[in-house]
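Shown next, in structure tokens, is the structure this report addresses.
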Amino acid sequence: RTFEGQRVREVAFDDAGASVEVELDDGARVRWRARFVVDASGRDTLLANQLRCKEKNRRHNSSALYGHYTGAARLPGRLEGNITIFWFEHGWFWFIPLADGTTSVGAVCWPYYLKSRQKPLAEFFAATIALCPALGARLANASLVDDRVYATGNYSYASAKSSGDRFLMIGDAYAFVDPVFSSGVYLAMQSAFDGADVVEAVLDGRRDAAALRRAFDRSVRHGPREFSWFIFRVTNPTM
């Protein structure tokens, strides 16, 4: 969605392709013509929002608190970049080392726990981390970047449609399940591979374009459905 300061604001489709309205750095707007549009806008979900086909995953009804830390204790040696998952009474934590030296730490929990908050968000997050001594030990000498903690509710979603005659949605632009195990990276890459065949067929005017698009739809729906079931069971270990 963002290309060197140029931001796509709207896409209008017609029989010949699409008109893409782009906002430049100085606020001016221009229109580009495209024969085909691949929406890789990630969690901005440009086309899903525009077409009003974005749907929350009601079954995976969790919330998350998260922030970035400096000085977090990582695993030793070659394991330094590995993700760690910690369980606690109200859900689980992610601990994700980032390339810039910071570490993303988040708590995925049920909404009832988030609703119990009676203190500022940063204090509540610190108290939540204290419920998991193993994680607390990894953050004993760490500092929260900019003292900022973020909260989001039921962040899992999928679009009711993944493609049209002149567009495809790939990766998080189509669906997002959960950050655990970086499933989104796999789903995004696979949808891009499958989508490339569709785009090539459409632009070449091949007879199998429609069949390839149907296969793409089946493929991108399958992945989030399977991961959603898995994540639902992981976050509900008593089931």
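Some values worked out for this structure:
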{"read-out": "Within a Gaussian network of the chain (alpha carbon springs, distance under 10 Å), most fluctuating of 224, 76, 111", "value": "76"}
{"read-out": "Taking the chain and dividing mean pair separation by its residue count, relative contact order in percent (alpha carbons under 8 Å, at least six apart)", "value": "21 percent"}
{"read-out": "Probe 1.4 Å, protein heavy atoms only - accessible area per residue of the chain in square angstrom", "value": "55 Å²"}
{"read-out": "Kyte-Doolittle at least -1.0, axis length at least 15 Å by Cα - qualifying DSSP helices, the chain", "value": "183-203, 209-234"}
{"read-out": "Listed residues 193, 95, 176, most fluctuating in the chain (Gaussian network, C-alpha, under 10 Å)", "value": "193"}
{"read-out": "For the chain, convex hull of alpha carbons as volume per residue, Å³", "value": "160 Å³"}
{"read-out": "Computed helical MRE - 222 nm, the chain, DSSP H runs ≥ 4 contributing -39500 (n - 2.57), nearest 500", "value": "-9500 deg cm²/dmol"}
{"read-out": "Heavy-atom SASA rank of 202, 22, 185 (probe 1.4 Å, accessible area, largest first)", "value": "185, 202, 22"}
{"read-out": "Binned Cα-Cα distance frequencies in segment 103-194 - 10 Å width, integer %", "value": "13, 34, 27, 18, 7, 1"}
{"read-out": "Kirkwood Rh and Cα Rg combined as Rg over Rh, evaluated for segment 4-127", "value": "1.12"}
{"read-out": "Those aspartates and glutamates that a straight Cα-Cα span of less than 19 Å connects to residue 54, excepting residues fewer than 8 apart in one chain", "value": "10, 39, 44, 165, 172, 178, 217, 226"}
{"read-out": "Most fluctuating residue given options 50, 118, 190, as computed from a GNM of the chain linking Cα atoms under 10 Å", "value": "118"}
{"read-out": "Whole-angstrom gap from segment 38-54 to segment 123-146, using each part's C-alpha centre", "value": "35 Å"}
{"read-out": "Approximate shape of segment 10-83 as ellipsoid semi-axes (Cα gyration tensor, √5λ), whole Å, largest first", "value": "38, 20, 14"}
{"read-out": "Set of lysines near residue 115 by C-alpha distance (under 21 Å), chain-local residues within fewer than 8 positions excluded", "value": "56"}
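The values are calculated or read from the model by the stated rules, or taken from the named source; none is laboratory data. Bear in mind the structure is a predicted one, so any value in this text is a computation, not a measurement. The protein model used for the area step is the full one, side chains on, heavy atoms only, and it has no ligands, DNA or RNA in it. Shrake-Rupley method; radii C 1.70, N 1.55, O 1.52, S 1.80 Å.
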